Amino acid sequence: MLAQVHSFVLEGIESIPCEVEIDVTDRGLTKTTIVGLPDMAIKELIERVRSAIINSGYPFPMTRMLVNLAPANIRKEGPNFDLSIAVGLLLAGQVIQTQRHKQFLFAGELALDGRLRPINGVINLAHHPENYNDQPM
């Protein structure tokens with residue numbers, strides 16, 4: 001199943017819309033792949049997201065997962081994508097069965113128990129809302 005969630009990425013001080021796409025399939029070996037120019041912190045975030053989802057009482061899909069962070073030509077850094085990937089996984093696994101997520105941008109670091117931690121760049125996002133006016137939210 002495919003899910004799409006909206007987030008943002010910082011390029012300098014500019015906040016740029018970022019689409020987080022999650023494809024979960026039961027075909028193939030259990031593996032998680034993150035593409036879209038992620039740094040090492042993003043490649044490791046799946047373990048944080050897994051613990052946060054499980055410790056919050058939700059099932060974590062034990063399937064093949066592909067996470068795409070678009071646009072692919074901008075480097076993605078830091079823990080900003082924890083929350084958007086977690087929401088995307090819950091949507092793709094049909095744990096969340098609503099379309100309300102399309103009205104929001106998701107960004108935040110997750111603690112292992114599921115708590116949300118603050119991130120850098122939220123002020124930049126607030127200063128550039130025009131970047132998100134054309135987003136299908």
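Go through segment 56-95 and give me each residue that's among the β-branched types (Val, Ile, Thr), crowded, with 16+ Cβ neighbours inside 10 Å, part of a loop (DSSP other than H, G, I, E, B) and touching a Phe, Trp or Tyr at 6+ places or on another chain (Cβ under 9 Å).
none
Are there any pairs with C-beta distances below 8 angstrom linking a residue in segment 47-68 that is without any contact (Cβ under 8 Å) to a residue 24 or more places away in the chain to a residue that is crowded, with 16+ Cβ neighbours inside 10 Å and not acidic (Asp, Glu), with the two at least 6 apart or on different chains, and if so which?
Close Cβ pairs (under 8 Å, with a partner that is crowded, with 16+ Cβ neighbours inside 10 Å and not acidic (Asp, Glu)) amount to Arg50/Phe60; Ile54/Phe60.
Working carefully through the options Val67, Val95, Val35, find the one that is at pLDDT 95 or above and either under 17 Å from Gln4 (Cα atoms) or in contact with a helix residue (DSSP H, G or I) (Cβ under 9 Å, 6 or more places away or on another chain) (or both).
Numbers: Val95 fails: at pLDDT 95 or above; Val35 fails: at pLDDT 95 or above.
That would be Val67, the only listed residue that is at pLDDT 95 or above and either under 17 Å from Gln4 (Cα atoms) or in contact with a helix residue (DSSP H, G or I) (Cβ under 9 Å, 6 or more places away or on another chain) (or both).
All but one of (1) at negative phi; (2) touching a residue at least 60 places away in the same chain (Cβ under 8 Å); (3) among the small types (Gly, Ala, Ser) hold for Gly121; state the number of the condition that does not hold.
Condition not satisfied by Gly121: (1).
Within segment 42-60, can one find any residue that is in contact with a His (Cβ under 6 Å, 6 or more places away or on another chain) and modelled with pLDDT under 95? First the steps, then the outcome.
Residues of segment 42-60 in contact with a His (Cβ under 6 Å, 6 or more places away or on another chain): none.
No, there is no match, as no residue in segment 42-60 is in contact with a His (Cβ under 6 Å, 6 or more places away or on another chain) and modelled with pLDDT under 95.
Only residues that are under 16 Å from Ile85 (Cα atoms), in a loop (DSSP other than H, G, I, E, B) and either among the hydrophobic types (A, V, I, L, M, F, W, C) or under 14 Å from the mean Cα position of the chain (by Cα) (or both): list them for segment 1-33, please. Full working, then the answer.
Just the residues of segment 1-33 that are under 16 Å from Ile85 (Cα atoms), to begin with: 1-9, 17-25, 31-33.
Still in the running and in a loop (DSSP other than H, G, I, E, B): 1, 31.
Passing the criteria: only Met1.
Is it true that Glu47 is surrounded by 16 or more Cβ atoms within 10 Å (Cβ to Cβ) and either closer than 14 Å to Ala86 by Cα or among the charged types (D, E, K, R) (or both)?
Values: surrounded by 16 or more Cβ atoms within 10 Å (Cβ to Cβ): no; either closer than 14 Å to Ala86 by Cα or among the charged types (D, E, K, R) (or both): yes.
Criteria not met by Glu47.
Quick one: in segment 98-137, which of the residues that are part of a loop (DSSP other than H, G, I, E, B) and within 13 Å of the chain's Cα centre (by Cα) is modelled with the lowest pLDDT? It would help to see each step written out before you state the result.
So in segment 98-137, the residues part of a loop (DSSP other than H, G, I, E, B) come out as 98-99, 104, 106-108, 111-115, 118-121, 128, 133-137.
After this cut, where a residue has to be within 13 Å of the chain's Cα centre (by Cα) as well, the list is 104, 106-108.
Values: Phe104: 88, Phe106: 92, Ala107: 92, Gly108: 93.
Step by step, filter segment 98-137, then rank; the result is Phe104.
The values are calculated or read from the model by the stated rules, or taken from the named source; none is laboratory data. Nothing here was measured: the structure is a model prediction, and the numbers come from that model. Cβ: placed from backbone, ideal geometry, glycine included. Neighbour counts: every protein chain shown.
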